[in-house]
Amino acid sequence: MSRSISSAMLSSLTSNGIIPAILAKIAFQSETVYVWTGVGSLSYAGNTYVGVGSFGKIGRVTEGTDLQAYGLTISLSGIDPTLLNECMTDVQLGAPVAVYFALLDQNASILGTPYTLFSGIVDKPTVKAGIDEITISLSLENRLANHQRASCRRYTAADQNLYYPGDTAFNWVEILNDQALRWTP
């Protein structure tokens, strides 16, 4: 995927006094959560990102030129053990996730347009329970990983009507199974 850095962000990279930040947008069943790696609130694109400070961690972001689906892991620690059930039932597998790299000035204002580091879906949660706190890690998956899975779709009228009600394109396909077609020159 071709991506570019905004000119304002590019010029900010060469200046002094910038603060790097990671922003994440994660969809859960109850709501979409906006977090960032700093402390306090940060506004971007009409959303307020809540700072998680040192409680949030992000894994290694990997990209390559070969056709391969790279994943990413993000974690949040310091969760109260009484909230574990609520946290686990709110995780939605396949929900969209976006992780951005942003540059901030000394007033905590975003310079330019944040760069998309990762865009994909939630794969699976992992829980590490301690005595005082819990750490939940979400494995994130690139949408390209879906190409490695077998399709559960069938070439039948019933399956087609599940997704496109009223479509008659596959009405005659099932009859072709019993047809003996002979091709002669």
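Any chance segment 32-46 includes a residue that's exposed (fewer than 11 other Cβ atoms within 10 Å of the Cβ), over 20 Å from the mean Cα position of the chain (by Cα), modelled with pLDDT of 75 or more and assigned by TED's automatic domain parsing to the domain that holds S15?
Yes, that holds for at least one residue.
Hey, among L111, L104, which residue is closer than 17 Å to Y34 by Cβ and modelled with pLDDT of 80 or more?
From the options L111, L104, the qualifying one is L104.
Out of the residues in segment 48-57 that are surrounded by 13 or more Cβ atoms within 10 Å (Cβ to Cβ) and not in a helix (DSSP H, G or I), which is modelled with the highest pLDDT?
Taking the candidates together, the pick is Y49.
Go through segment 120-137 and report how many residues are hydroxyl-bearing (S, T, Y) and either in contact with a Pro (Cβ under 7 Å, 6 or more places away or on another chain) or crowded, with 16+ Cβ neighbours inside 10 Å (or both).
Matching residues across segment 120-137 total 2.
Do we find a residue being at pLDDT 90 or above, more than 25 Å from L13 (Cβ to Cβ) and either part of a strand (DSSP E or B) or under 19 Å from the mean Cα position of the chain (by Cα) (or both) anywhere in segment 58-67?
No, there is no match, as no residue in segment 58-67 is at pLDDT 90 or above, more than 25 Å from L13 (Cβ to Cβ) and either part of a strand (DSSP E or B) or under 19 Å from the mean Cα position of the chain (by Cα) (or both).
List the residue pairs whose Cβ atoms are under 9 Å apart, where the first residue sits in segment 86-115 and is closer than 18 Å to S6 by Cβ, the second is among the basic types (K, R) and at pLDDT 85 or above, and the two are 6 or more positions apart or on different chains.
Listed by first residue and then by second, the contacts come to A98/K25; V99/K25; Y100/K25.
The values are calculated or read from the model by the stated rules, or taken from the named source; none is laboratory data. Owing to the predicted nature of the structure, the values given are computational and were not obtained by experimental measurement. Cβ coordinates were reconstructed from backbone atoms using ideal geometry, including for glycine residues, and neighbour counts include every protein chain displayed.
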